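Before any comments, here is the structure.
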């Protein structure tokens, strides 16, 4: 069982909101096949060194919602440190 795209988007938005007001979810896209578990979350970051930035965070949606949120949180933390 995989999280739906709506669930993925909602969890990603919650993780971004909890992390920083600088983060806004721009979108979620399937990273491979339409029925695949791998997805890409596009995150806009305001206030980074080069002005506005967008990073892509890859994650797998064939996990529980809390595991997915942890994936997003961990990867977002890394990207935010690199882009601020």
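The values are calculated or read from the model by the stated rules, or taken from the named source; none is laboratory data. Values in this document were obtained by computation on a predicted structure and should not be read as measured data. So basically every Cβ, Gly included, is an ideal-geometry build from the backbone, and we count neighbours across all protein chains shown.
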Selection status of residue 73, modelled with pLDDT of 85 or more and surrounded by 13 or more Cβ atoms within 10 Å (Cβ to Cβ):
no
Would you check if there is a residue in region 36-44 being surrounded by fewer than 13 Cβ atoms within 10 Å (Cβ to Cβ) and out of contact with any helix residue (DSSP H, G or I) (no Cβ under 6 Å at 6 or more places or on another chain)?
no
Could you please find all residues in region 23-35 being surrounded by 15 or more Cβ atoms within 10 Å (Cβ to Cβ) and modelled with pLDDT under 80?
31
Being touching a residue at least 12 places away in the same chain (Cβ under 8 Å) and over 10 Å from the mean Cα position of the chain (by Cα) is the filter here, so list the residues in region 31-40 that pass it.
31, 37, 38
